[in-house]
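Structure, as structure tokens:
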Amino acid sequence: MQIRAVIAATVAALGIMLLASACAQDDTSFEPSPSLRTLLGTTTGNRIMSPPGEPPAPRDPPANWQESLALAAWTKLANGTPALQVVLEVKAHEGAGMDIWLTDDSGAAIVEWAGGHTETYGGSVCFQLSLQENGQAIPLVPSRQYRLTVAFIDVASGDVVSSRQAPVTNDVPALTGTTPATGSRVFSEAYACRRTS
């Protein structure tokens, strides 16, 4: 009789654990963005702090391309790490690099991300770039407004194929830390967007 009670209690506990795990959201915090990897062949970009020059002005893509910057927003990874989320609608062809610039309301470029070369692709692209990790952070000022530029640059000619700009929405996070050093994942690794139920 006592053995049956133990078995019943064990089965009940296992059932509760399975139910809890089925209802829990997966933590995608440090998973690479699958859609960006499909578009560019990589999720790792070259981060340049205080890059020289200015991002390209908005430019409509040619007839066989499409670029729409659907979302640029301050957010958090599933583990609470402050991040920048970017959602694009893209129709792309081979041979362009993707560059991202974050600028403040004075027009100063804070950081640039450049990575990969486009494959033929059509659809949504969603990724997140962390803003603060391991005592290092992008130098954002909460009282300022920020703008994101996403451009595709022809690898052979260096010409801008397409460029889109949008204000970054939501409250600017208050970050603490030193400027990201070489090898830091801050604003370098593009992570997957949160899964929705």
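Which numbered condition trips up Leu140, out of (1) surrounded by 17 or more Cβ atoms within 10 Å (Cβ to Cβ); (2) touching a residue at least 40 places away in the same chain (Cβ under 8 Å); (3) not β-branched (Val, Ile, Thr)?
Going through the list (1) surrounded by 17 or more Cβ atoms within 10 Å (Cβ to Cβ); (2) touching a residue at least 40 places away in the same chain (Cβ under 8 Å); (3) not β-branched (Val, Ile, Thr), Leu140 breaks only (2).
Mind checking which residues of region 160-183 are touching a residue at least 12 places away in the same chain (Cβ under 8 Å), over 25 Å from Gln145 (Cβ atoms) and either outside any loop (DSSP other than H, G, I, E, B) or hydroxyl-bearing (Ser, Thr, Tyr) (or both)?
First pass over region 160-183, keeping only residues touching a residue at least 12 places away in the same chain (Cβ under 8 Å): 160-181.
With the extra rule that they be over 25 Å from Gln145 (Cβ atoms), the set shrinks to 161, 181.
Once the filter is applied, which keeps residues that are touching a residue at least 12 places away in the same chain (Cβ under 8 Å), over 25 Å from Gln145 (Cβ atoms) and either outside any loop (DSSP other than H, G, I, E, B) or hydroxyl-bearing (Ser, Thr, Tyr) (or both), region 160-183 yields only Val161.
Kindly evaluate Leu140 against the criterion of being at negative phi, in a strand (DSSP E or B) and at pLDDT 95 or above.
Numbers: at negative phi: yes; in a strand (DSSP E or B): no; at pLDDT 95 or above: yes.
No.
Among the numbered criteria (1) part of a strand (DSSP E or B); (2) touching a Ser or Thr at 6+ places or on another chain (Cβ under 8 Å); (3) hydroxyl-bearing (Ser, Thr, Tyr), which one does Ser35 miss?
Failing condition for Ser35: (1).
Name the residue, out of Ala5, Ala20, Ala12, Ala83, that is among the aliphatic types (A, V, I, L, M), surrounded by 14 or more Cβ atoms within 10 Å (Cβ to Cβ) and either modelled with pLDDT of 95 or more or part of a helix (DSSP H, G or I) (or both). Explain how you work it out, then say what you get.
Values: Ala5 fails: surrounded by 14 or more Cβ atoms within 10 Å (Cβ to Cβ); Ala20 fails: surrounded by 14 or more Cβ atoms within 10 Å (Cβ to Cβ); Ala12 fails: surrounded by 14 or more Cβ atoms within 10 Å (Cβ to Cβ).
From the options Ala5, Ala20, Ala12, Ala83, the qualifying one is Ala83.
Among the residues of region 131-147, which ones are within 16 Å of the chain's Cα centre (by Cα) and under 22 Å from Gly107 (Cα atoms)?
Scanning region 131-147 gives Leu131, Ala137, Ile138, Tyr146, Arg147.
Identify the single condition in (1) modelled with pLDDT of 95 or more; (2) farther than 19 Å from Pro32 by Cβ; (3) surrounded by fewer than 19 Cβ atoms within 10 Å (Cβ to Cβ) that Arg164 does not satisfy, given that it satisfies every other one.
(3)
From (1) over 16 Å from the mean Cα position of the chain (by Cα); (2) outside any strand (DSSP E or B); (3) touching a residue at least 60 places away in the same chain (Cβ under 8 Å), pick out the condition that doesn't hold for Gly107.
For Gly107, the exception is condition (3).
The values are calculated or read from the model by the stated rules, or taken from the named source; none is laboratory data. On a predicted model such as this, the values are computed, not experimentally measured, just so you know. Note that each Cβ is placed from the backbone with ideal geometry, even for glycine, and that neighbours are counted across all protein chains shown.
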